[in-house]
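What follows is calculated from the coordinates using simple rules that are stated; it is not laboratory data. All values derive from a computational prediction rather than experimental measurement. No Cβ is skipped: glycine too gets one built from the backbone with ideal geometry, and neighbour counts run over all protein chains shown.
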Amino acid sequence: MDVRERFQTAALRAFREEVRSFVRANLPEDIRRKVAQERMDLPREDQQRWHKILRAKGWACAGWPKEHGGPGFSDDHRYVLERELALGDAPRPMIYGEGMLGPTVMAYGTEAQKRQILPGILEGDVLWCQGFSEPNAGSDLASLQCKAERMGDHYVLNGSKMWTSEGHIADWMFGLFRTDNSGRKQEGITFLMLDLNLPGVTVRPILLFEGTHEVNQVFFDNVCVPVEDRLGDEHKGWAIAKYLLSLERFGTAEVSRSLASLARLKAFVRDQDPFRHAPEQRESTERRIAELEMELEALEITEVRFLFKQDGANEVGPEASMLKVRGTEIQQDIFELTMMCAGGYGLGARRDESAADVAATRRGQDSAYPYFNFRKTAIYAGSNEIQRNIIAKAVLGL
Ligand SMILES: Cc1cc2nc3c(=O)[nH]c(=O)nc-3n(C[C@H](O)[C@H](O)[C@H](O)COP(=O)(O)OP(=O)(O)OC[C@H]3O[C@@H](n4cnc5c(N)ncnc54)[C@H](O)[C@@H]3O)c2cc1C
């Protein structure tokens, strides 16, 4: 049986139609266009605008329980919602608050912290970023050394965090800080949340190699963080970080986004016929597109098998590493093929002044950005080499 048949019930088919027409009617065209160009650097204002539209419909924070203002969807409904949003070129969710910190606060926060933090995320008013990595602590995260010294009812932060995505548009950061160096490196780490407007915080941009500003280095110079902005116990942040990093099982494989990207590539080849001057390349390209479609379908089936286990234990363990590796490889393959199809059009070259050529140039120029930008996906969220180590040890038992 095709495991995807589970999404073909009458109720889910009706829900799919509802999401499709909602997106068609409500997604602002300027935002849709940026997402269709695969932009990963959506401005804060665009992200908030779309989040608030979803919130008004009751679909924001799709994985959250009703108790905290989420829709309380079943996993099947959530899967269908996220698929249709991606296929409709809607922005990704604001992952750091909605997907990471929110559920972690629900699990580890005090009642006061839940009351203080969750509404800002739910309403899309407070944007968060993640301060885990440091210049000398990425794959080996537990080596982190950014210091938080306890001084009465405050921690005093000194050091820096590296590769902080959206640090320049976020209001608050959650992060891991070294509070004790005397034991194992996983001990003596504390999970703190801090307002990025505090005195002593400097956010410095790092431009990715295609020139966009998504990541930053954040410096702390005697920054005072109140003790009540600590999540969990002092020195015990490592367990909380592991919980937070295990949360995002939906979307790891990026199947829906890749389906949308592949559909765009097919439309480019069909409508702009970039091979009319090199017909010998058409057949091999069409074969490669068909291969990618099959690889994507296999990944989708694997994802559904992992996400919806027959014993009802909807927990994805180390298998999530396979989804991440294959998902990013397929994404990069799609953008590489798109770039190859664009050829000289990717550099703005024109063959003639025909309408087809003008359109091909416009579309071709869009191909360079994701080709370069998506190199990063094999590095962030745990590099693909690290994921392969996990697969070798925890899945294959090697
Ligand atoms: C675009 C982007 C956005 C990011 N956003 C954030 C963010 O918002 N917040 C945050 O905290 N971090 C973020 N990161 C950081 C990211 O998590 C780290 O870059 C990643 O964990 C790798 O760490 P590193 O850069 O220190 O590389 P290193 O750990 O130094 O690794 C260098 C190379 O060695 C390989 N390697 C390392 N150890 C092993 C091993 N044991 N076996 C085999 N190969 C190994 C790696 O795979 C990599 O190829 C982001 C990174 C990027 C590129």
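A simple rule links phi to the HN-Hα coupling: the Karplus curve 6.51 cos²θ - 1.76 cosθ + 1.60 with θ = phi - 60°, which for the stretch 4-14 gives 7, 5, 4, 8, 9, 5, 4, 5, 6, 5, 5 Hz, with x for Gly and Pro.
Which loop trypsin sites (Lys or Arg not before Pro) in the stretch 179-281, with loop taken from DSSP, have no more than 13 other Cβ atoms within 10 angstrom of their Cβ? It would help to have the intermediate numbers written out before the result.
Details: sites: Arg184, Lys185, Arg230, Lys236, Lys242, Arg249, Arg257, Arg264, Lys266, Arg270, Arg276; in loops: Arg184, Lys185, Arg249, Arg276.
Passing sites in the stretch 179-281 are Arg184, Arg276.
With an 8 Å cut-off on Cα pairs and a minimum separation of 6 or more residues, tell me the relative contact order of the chain in percent. Working shown, then result.
Working: 606 pairs, mean separation 51.4, N = 398.
About 13 percent, as a whole number.
Loop-located trypsin sites (Lys or Arg not before Pro) in the stretch 313-387 (DSSP state other than H, G, I, E, B) with a sparse environment of at most 15 neighbouring Cβ atoms within 10 Å: Arg350, Arg351. Take every Cα pair under 8 Å whose residues are at least 6 apart in sequence, average their separation, divide by the length of the stretch 1-93, and the relative contact order is 37 percent. Computed from phi, the 3J(HN,Hα) profile of the stretch 290-301 under the Karplus parametrisation 6.51, -1.76, 1.60 (θ = phi - 60°) reads 5, 4, 5, 4, 5, 5, 5, 5, 5, 5, 4, 5 Hz, with x in place of Gly and Pro.
As I understand it, the value is the acute angle between the Cα axis of helix 111-122 and the longest principal axis of the Cα atoms of the chain; what does it come to in degrees, rounded to 10? Once rounded, one gets 20 degrees. Taking only the C-alpha atoms of the stretch 291-398, Rg followed by Dmax gives 18.6, 60 Å.
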